[in-house]
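Chemist: I am attaching a structure below and will ask some questions about it afterwards.
Read the figures in this text as sums done on the coordinates, not as results from a lab. Source: prediction; values computed, not measured. Cβ placement follows ideal geometry from the backbone for every residue including glycine, while neighbour counts extend to all protein chains displayed.
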Amino acid sequence: MNLDIRGQAADQQMAALVEQFRLLRGQNATVRALVDANPARLYVSMLESGFRVRLEQANGATVLVLQPDGSTPRRQPGAHSLVVHHDGRVYVNTTDDRVAVLDGAGRKVLRHIPVGRDPQHLELSPDHSRLYVANSGSNDVSVIDTRTDAVIATGSTGRRPLLPCVASDGSLFLPSGPDQTVTALDRDGKPLATLPVGDSPHDISVSPDGRWAYQPNSASHTLTVIDVRSRSVAGEIPAGHGPGHIAFTPDGRFAFVANTLSDDLTVVDVASHEAVGTIPAGEGAHMPLLSHDGKRGYVADFVADDLAVWDVERREPLARVEVGIYPHAFGISGDDRWLVVSNTGESSVCVADASSMRTVARLDVGGGPGHVDFDPGDELAFVGCQLTNQVAVIDFRRQQLVDLVDVGAVAA
């Protein structure tokens, strides 16, 4: 199947590809679509949604290749984003516009908290007294007091707010792709500023000292620099093609930006806000993390089905760790020994040994695994599984699946 969708808006292009997916799934078909050069918004959106795609060059044109039978699209509500409170409670978005609260130790749903429409991503404040829920359907953020697990405020944002990010002073930042803005709010959801950023802003990050926020703009191929104190735009930094997620070094001196279209990482000197280097990664480089000691960096390569590893001080590649199909997210245990990787494309979780840089176990979990977090004792990993609306509980040291908890069920 061949399509020509050049010149169309990204939403129209995605709709055309999703329709071909619906019609051709199960027929061992391949869709080849002519797209515009550097189709960052379309490519990242398809990958983030769980479609198996890659980019190729043919006769001077850019072709997006879609494998319907290899795709596991996450186009329904369910557990995807989760965070673990320091008392062991697990918060996860679920169906019917709710957040589920899970007892991590007992692995039981304690309660459900009604929030806004289509809750997508969650984040805790540094002191864990507030939980922030970005509601993409109602264009707002729910502010939850974690002492009572009750919504205490609702703050307006731009359209379809993405991953919330909390600075050390408690202020909150949420990007809006359709509006090309970042909304800044205080800890209780009161608006502080609306800031212009680049095209297709993705996952904003704040430096460890709370001084600067970097907003990667996937379609502008830049980072917008935001002064957290004054809530103002301080500049713009060129990055690779399709920047999406950022990891700061623990001392805040450098930031590493994963570029999904150019398959590399941009190294930024935070003091000068300048790009000072590039590190090669794998195809579809998307989500970077650094070890807690700051010595190694890892980035999940959506399309290459691996993690690329680099030496942080030397800024040199070290290895590629093969994992499962379409690694969406991953986490690093507190002792930096274990990597827990969710593979959206095959509904599995890989456990990798960071010292040997190899996968030691692949565990079947619920459908569409996404975000990963760890319990306070650093013994269990929790993984949201969107398609089955479950939380997978992993004993990563024993490489065992401990439980699959239905977080849509009403608490007993």
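Chemist: List the equivalent ellipsoid semi-axes of segment 2-70 in whole Å, largest first, each obtained as the square root of 5λ for an eigenvalue λ of the Cα gyration tensor.
Modeler: Values: eigenvalues 61, 35, 24 Å².
Those come to 17, 13, 11 Å.
Chemist: Reported to two decimal places, what Rg/Rh ratio describes segment 278-412 when computed on Cα atoms with Rh from the Kirkwood expression?
Modeler: Details: Rg = 14.5 Å, Rh = 14.7 Å.
Rg/Rh for segment 278-412 comes to 0.98.
Chemist: Need one number: nm distance between label points at S168 and Q400, each 7 Å from Cα along Cα→Cβ, rounded to one decimal.
Modeler: That separation, rounded to one decimal, is 4.0 nm.
Chemist: Further, regarding this structure: Mind giving me the nanometre distance, one decimal, between the label points for D149 and D378, set 7 Å out from Cα along Cα→Cβ?
Modeler: The two pseudo-label positions are separated by 2.8 nm.
Chemist: Which whole-number percent is the relative contact order of segment 214-341 (Cα, under 8 Å, 6+ apart)?
Modeler: It rounds to 14 percent for segment 214-341.
Chemist: Per the Kirkwood formula on distinct C-alpha pairs, the Rh of segment 200-250 is how many angstrom? Can you show the working numbers first?
Modeler: Details: mean 1/r = 0.0920 Å⁻¹.
Its Kirkwood hydrodynamic radius stands at 10.9 Å.
Chemist: Also, I was wondering about something else. Could you work out the relative contact order of the chain? I mean the mean sequence separation of Cα pairs under 8 Å and 6+ apart, divided by the number of residues, in percent. Display every interim value, and only then the final one.
Modeler: Numbers: 1250 pairs, mean separation 42.9, N = 412.
Relative contact order, the chain: 10 percent.
Chemist: Of the peptides 297-307, 171-181, 20-30, 116-126, how do they stack up when ordered by the mean number of other Cβ atoms within 10 Å, highest first?
Modeler: On the way: 297-307: 25.7, 171-181: 22.1, 20-30: 13.5, 116-126: 19.4.
Peptide ranking by packing, descending: 297-307, 171-181, 116-126, 20-30.
Chemist: While we're here: If only Cα atoms are counted, what is the Rg of the chain, and what is its Dmax, in Å?
Modeler: That works out to 19.9, 61 Å for Rg and Dmax.
Chemist: D264's amide H: which non-local residues (gap 5+, or another chain) put their own amide H closer than 5 Å, with H modeled 1.01 Å from N in plane and none for Pro or chain starts?
Modeler: N259, A281, A285
Chemist: Determine ³J(HN,Hα), in whole Hz, for all residues of segment 394-409 in sequence, where each value follows from phi through the Karplus function 6.51 cos²θ - 1.76 cosθ + 1.60 and θ = phi - 60°; x replaces Gly and Pro.
Modeler: 3J(HN,Hα) across segment 394-409, in whole Hz: 10, 8, 6, 6, 8, 6, 10, 7, 8, 6, 10, 9, 6, 8, x, 5.
Chemist: Now a separate question. Ranking M46, M14 by Cβ neighbours within 10 Å, fewest first, what do you get? All intermediate terms of the calculation are to be shown ahead of the outcome.
Modeler: Working: M46 25, M14 19.
Lowest to highest Cβ neighbour count: M14, M46.
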